[in-house]
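*Asks:* Have a look at the structure that comes next, please.
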2 protein chains.
Amino acid sequence: MTLTIGLDAMGGDAAPGIVVDGAVRALEQDPELRFLLFGDSSRLDPLLAPHARLREQTRIVHTPEAVAGDAKPSHALRQGRNTSMRLAVNAVKEGDAAAAVSAGNTGALMAMAKFVLKTLPGIDRPAMASVLPGKQRPVVVLDLGANVDCTSEHLFQFAVMGEVYARVMLDVAKPRVGLLNVGTEELKGDDVVRGAAALLRESVLPIDFRGFVEGTDVTEGVVDVVVTDGFTGNVALKIAEGTAAMFTSALREAFRNGGLRAKLGYLLAKPAFDTLRQRFDARRYNGAMFLGLNGVVVKSHGGTDALGFAAAIAVAANLVRNCTNQRIIEEMGASSRAEATATQAAAS
Amino acid sequence: MTLTIGLDAMGGDAAPGIVVDGAVRALEQDPELRFLLFGDSSRLDPLLAPHARLREQTRIVHTPEAVAGDAKPSHALRQGRNTSMRLAVNAVKEGDAAAAVSAGNTGALMAMAKFVLKTLPGIDRPAMASVLPGKQRPVVVLDLGANVDCTSEHLFQFAVMGEVYARVMLDVAKPRVGLLNVGTEELKGDDVVRGAAALLRESVLPIDFRGFVEGTDVTEGVVDVVVTDGFTGNVALKIAEGTAAMFTSALREAFRNGGLRAKLGYLLAKPAFDTLRQRFDARRYNGAMFLGLNGVVVKSHGGTDALGFAAAIAVAANLVRNCTNQRIIEEMGASSRAEATATQAAAS
């Protein structure tokens, strides 16, 4: 199925180069893709020149403006109406693109997406969700940083959205959902997580809620969806990244300082190392979705490369093709209807 | 210098065995240690029997009662006056032991330590601090789970205590202190972290405050002390543990499935792997201190073994020998005096 994705060509540390190269890679894997490329055409034209196929399937929409990496979201929202990021989000609203992908300023992208696309009925705040590697299989974690302050109701809504997201992204029929906490006992944590647990336990939605999970459970695969506030989720994501980077560098160091014997061992074991490196390659997990909006917007890591940006494009395409948003809307609608019925039944 | 440590012999998953074996190991490394061993003497006597030296330097204080691993802290506090844990904490209060070490129920230990020993002047709440591995060198992180809800003032106090702790434990003259947040920009985060940053910036204490740090900065060594609330700190600690465990198991798997070549490579590289394993051995980092109390109480991981328990004993001994608590008291006192002077100067 032909699918047009709007790309913010000017967002990210190495834009627009990695955006164009990412689109080239994405197209190789998914030839049905079409792109709207928003950005400075004087820089984009020469980058596209060597790629005949991409050029054919891409329309450049010129704008000289871009959102600065350190811009305040509110400022970007007010002053950035002609930026490449804003135009990419507008294209989703107007139906010109099925989804937008940006590696730019997260806060600005969130503010623009929320302002332009509005939140889904029943959702107060969008949440950033992504798939992360686990011991046995990947796990969906949200919110990864869109909302630093959350109420129990917000966490409940994240759980509902995350469950649908996991069905699409992990291809699990009945995802198990857990709330991230400092322990698994019912009394643990603060009022917000305990309140969210109560809402999930009482909910009429057919969610497989498994209660509280701890940090160690995330990679252990105790659940398929880990729900938390944006502060904790963002720290958790980056702690995991940092720990992984520390291991990789320590592994390299141990071999470098291990003399000839270690070097020979490394050469022999290289295919095994390559398997390992591939499995945990952060670029393969790149692309977080803003769940809860009337439209698909995917945030790529700002420091990623072409391979990572291509992964974020693939996430966007996958979400659109699986009608994820439509399913979240239906789920939230079913939730409100069921709760209304339950309330009526209780009242009568 | 001879030093008596009170041990809760009945706390932890494999107590009292690992407590006795941990004491044997600790004594090998630090022959000046003496122990008060609180617990069921009918179980402890036979465990001590084969260890002549430990037996000589240990006094068993019999009690048949122990705190259950899943006991509510308030219940343990009310009903557990004769438990091995409580007697170990009492020994610190009464001066019979210079420090107490327990691998038992964290919440109960915290409640008892706070009730019996009281908090230091200027400290509202004790915090759990520990040293964690980093890329270049270890880092102090607190609070690791004692306080799930924190105010800006609490985080400020944690920073002051953590700085002294780092001077002792990391042997750094001027530790750099950072507040864990979702980004490094001043506007990031919630009111609590932004308020704590303001307090640290305005403080008259000579703390080398480096502002906000992100999850990835913890292992990168951007600062020596990472300050956060107990909810985030606990999740961060366990996410790091989980990620490390995932890596180790994936590494093993990659070699196991890599055929003969990978196996040969593994054998050759084994010394390099052993170096790596040792460096990140969680047991070496075992032992978190409850900072902010009138006495040294160290919490060992409940699932640790003898090597890990010995490390927790060494942490306790190190803290006592370096007069850590005395230094925190002086620091907090200097803080109040300096702030009083500053306020007076401003008023006159």
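*Asks:* Please average, across the residues of A:182-192, the number of beta carbons from any other chain that are within 10 Å of each residue's own beta carbon, and give a whole number.
*Replies:* 4
*Asks:* Relative contact order (percent) for chain B, with alpha-carbon contacts under 8 angstrom and 6 or more residues of separation?
*Replies:* Value for chain B: 22 percent.
*Asks:* Placing unit charges on C-beta atoms (Lys and Arg positive, Asp and Glu negative, everything else neutral), compute the dipole magnitude of chain A about its Cα centre in debye, rounded to 20.
*Replies:* Details: 37 positive and 38 negative charges, 175 e Å.
For this selection, approximately 840 debye.
*Asks:* Just counting partner chain Cβ atoms within 10 Å, what average do the residues of peptide A:270-281 show around their Cβ?
*Replies:* Mean shielding by partner chains, rounded to a whole number: 5.
*Asks:* While we're on this one: What range in chain A is the longest one free of GluC sites (Glu not before Pro) that are in a loop by DSSP and have at most 15 other Cβ atoms within 10 angstrom? Numbers along the way, then the final one.
*Replies:* Working: sites that count: A:Glu32, A:Glu94, A:Glu185, A:Glu186.
The longest uninterrupted stretch comes out as A:187-348.
*Asks:* Here's another thing I want to ask about it. Please work out the FRET efficiency for the pair B:His51 and B:Asp274, using the Cβ-Cβ distance as r and a Förster radius of 30 Å; give the result to the nearest 0.05.
*Replies:* E between B:His51 and B:Asp274, to the nearest 0.05, is 0.60.
*Asks:* Once the dipole of region A:124-290 is set up with Lys and Arg at +1 and Asp and Glu at -1 on Cβ about the Cα centre, which of A:Leu142, A:Met246, A:Leu276 lies farthest towards its positive end?
*Replies:* It is A:Leu276, whose Cα lies furthest towards the positive end.
*Asks:* Measure up B:Lys135/B:Lys238; B:Lys174/B:Lys299; A:Lys238/B:Lys174; A:Lys93/A:Lys114 against 20 Å on the Cα-Cα distance and list the ones that go over.
*Replies:* Correct reply: B:Lys174/B:Lys299; A:Lys238/B:Lys174.
*Asks:* Along each of its three principal axes, how wide is the spread of alpha-carbon positions in region A:85-180, in whole angstrom units, largest first?
*Replies:* 39, 28, 24
*Asks:* Using a simple charge model, +1 on the beta-carbon of Lys and Arg, -1 on the beta-carbon of Asp and Glu, nothing else, what dipole does region A:11-93 show about its Cα centre, in debye to the nearest 20?
*Replies:* Values: 11 positive and 10 negative charges, 81 e Å.
With only Lys, Arg, Asp and Glu charged at Cβ, the dipole is about 380 debye.
*Asks:* I need the chymotrypsin sites (Phe, Trp or Tyr not before Pro) found in region A:131-189, filtered to DSSP loop residues with at most 11 other beta carbons within 10 Å of theirs.
*Replies:* Within region A:131-189, no chymotrypsin sites (Phe, Trp or Tyr not before Pro) qualify (loop, at most 11 other Cβ atoms within 10 Å).
*Asks:* On to the next question. Apply the Karplus curve 6.51 cos²θ - 1.76 cosθ + 1.60, θ = phi - 60°, to the phi angles in region A:269-279 and return the couplings in whole Hz, x for Gly and Pro.
*Replies:* Each residue's phi maps through the Karplus curve to give 8, 3, x, 5, 4, 5, 4, 4, 4, 4, 4 Hz.
*Asks:* Hey, another quick one. If you rank B:Met128, A:Met289, B:Met110 by fewest surrounding Cβ atoms within 10 Å, what's the result?
*Replies:* With the sparsest Cβ surroundings first, the list reads B:Met110, B:Met128, A:Met289.
*Asks:* Let me ask another. Taking each residue of B:253-264 in turn, how many C-beta atoms of other protein chains fall within 10 Å of its C-beta, and what is the average?
*Replies:* Counting Cβ atoms of other protein chains within 10 Å of each residue's Cβ and averaging gives 5.
*Asks:* Could you calculate, for the protein assembly as shown, the ratio of the Cα radius of gyration to the Kirkwood radius, expressed as Rg to Rh? Walk me through the numbers before you get to the answer.
*Replies:* On the way: Rg = 27.5 Å, Rh = 27.2 Å.
Radius of gyration relative to Kirkwood radius: 1.01.
*Asks:* Separate question: Between the label point of B:Thr184 and that of the same position in each other copy, find the distances and list them shortest first in nm, with every label point placed 7 Å from Cα along the Cα-to-C-beta direction.
*Replies:* List, nearest first: 3.8 nm.
*Asks:* B:Gly195 label points, 7 Å along Cα→Cβ, one per copy: pairwise distances from this copy to the rest in nm, shortest first?
*Replies:* 1.7
*Asks:* May I pose another question? Considering only the label points, 7 Å along Cα→Cβ from Cα, what distances in nm to one decimal separate A:His62 from the same position in each other copy, shortest first?
*Replies:* Copy-to-copy label distances at A:His62, shortest first: 9.4 nm.
Taken together, the values in this text are just the output of simple stated rules run on the coordinates, not laboratory data. Please read these numbers as outputs of a predicted model, since none were measured by experiment. Reconstructed Cβ throughout: ideal geometry from the backbone, glycine too, with neighbour counts over all protein chains shown.
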